[in-house]
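The values are calculated or read from the model by the stated rules, or taken from the named source; none is laboratory data. Bear in mind the structure is a predicted one, so any value in this text is a computation, not a measurement. Neighbour counts are summed over all protein chains in view; Cβ atoms, including those assigned to glycine, are modelled from backbone coordinates with ideal geometry.
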């Protein structure tokens with residue numbers, strides 16, 4: 001890598017993450033107090049196979065961009081760990097009400113660089129066994145579905161990749177019940 005190339009790449013990653021977060025907030029109509037689960041493979045972002053090239057710098061860049069956008073809007077960020085920590089999530093303690101706290105501290109090679117960045121950056125971090133988030137970002141095929149509320153709805157964002165990693169977004173909605181004569185509150189979609 002040429003001198004300065006890493007800084008340019010991190011700037012591009014940061015801007016892509018920021019753009020994805022802003023677009024998600026808008027398209028999912030997120031409100032203060034809601035939560036977003038994010039799974040992030042820094043290996044995939046750098047073009048490597050998931051789990052093979054964890055990068056603390058990339059984890060910090062993505063976390064910082066997402067956290068800035070979500071926290072400014074009063075939205076909780078839940079950072080999903082990798083499979084080595086059973087995909088536990090790292091959140092601020094105030095977002096953990098009602099969820100089972102477990103004892104795990106993520107690091108780059110057990111939990112992932114993104115989750116480790118969250119743990120280091122949150123004011124009072126805790127690990128949860130699970131959460132049911134209102135929306136999510138899956139960066140690099142990390143499988144966030146287990147942490148989304150029912151019913152998950154895919155979202156098409158303007159940003160489709162962060163670095164080399166595919167980006168998939170989802171929001172959730174209340175289950176629709178009833179039949180052909182049922183009326184629905186459009187504001188809840």
Subject >> Which numbered condition residue 168 fails, given (1) part of a strand (DSSP E or B); (2) within 27 Å of residue 53 (Cβ to Cβ); (3) touching a residue at least 40 places away in the same chain (Cβ under 8 Å) >> reply: (3)
Subject >> Single match in 47, 53 (criterion: over 17 Å from residue 168 (Cβ atoms) and in contact (Cβ under 8 Å) with a residue 60 or more places away in the chain) >> reply: 47
Original post:
Quick check: anything in the range 48-68 under 16 Å from residue 155 (Cβ atoms) and over 14 Å from the mean Cα position of the chain (by Cα)?
Top reply: no
Original post:
How many residues are farther than 24 Å from residue 149 by Cβ and assigned to a loop (DSSP other than H, G, I, E, B) if we restrict to the range 21-74?
Top reply: 10
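Give the residue, chosen from 123, 182, that is surrounded by fewer than 13 Cβ atoms within 10 Å (Cβ to Cβ) and either in contact with a helix residue (DSSP H, G or I) (Cβ under 7 Å, 6 or more places away or on another chain) or under 20 Å from residue 71 (Cβ atoms) (or both).
Criteria check complete, one pass: 123.
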**OP:** Considering only the range 91-129, state which residues are closer than 25 Å to residue 51 by Cα, part of a loop (DSSP other than H, G, I, E, B), modelled with pLDDT of 95 or more and out of contact with any strand residue (DSSP E or B) (no Cβ under 6 Å at 6 or more places or on another chain).
**Re:** 103, 105, 106, 112
**OP:** Report whether or not residue 135 is buried (at least 23 other Cβ atoms within 10 Å of the Cβ), under 25 Å from residue 97 (Cα atoms), without any contact (Cβ under 8 Å) to a residue 60 or more places away in the chain and in contact with a helix residue (DSSP H, G or I) (Cβ under 9 Å, 6 or more places away or on another chain).
**Re:** no
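Let's see how each residue does on (1) closer than 22 Å to residue 143 by Cβ; (2) modelled with pLDDT under 95; (3) over 15 Å from the mean Cα position of the chain (by Cα); (4) crowded, with 24+ Cβ neighbours inside 10 Å:
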residue: 7; (1), (2), (3), (4): no, yes, yes, no
residue: 33; (1), (2), (3), (4): no, no, yes, no
residue: 36; (1), (2), (3), (4): yes, no, no, yes
residue: 70; (1), (2), (3), (4): yes, no, no, no
residue: 82; (1), (2), (3), (4): yes, yes, no, yes
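Yes/no per residue for (1) surrounded by 19 or more Cβ atoms within 10 Å (Cβ to Cβ); (2) touching a helix residue (DSSP H, G or I) at 6+ places or on another chain (Cβ under 8 Å); (3) more than 20 Å from residue 112 (Cβ to Cβ):
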position	(1), (2), (3)
19	no, no, yes
43	yes, no, no
55	yes, yes, no
62	yes, yes, no
74	no, no, yes
79	yes, yes, no
Subject >> Number of the condition not met by residue 98 [criteria: (1) in contact (Cβ under 8 Å) with a residue 40 or more places away in the chain; (2) under 16 Å from residue 134 (Cβ atoms)] >> reply: (1)
Original post:
Which of (1) closer than 20 Å to residue 166 by Cβ; (2) without any contact (Cβ under 8 Å) to a residue 40 or more places away in the chain does residue 71 not meet, given it meets every other one?
Top reply: (1)
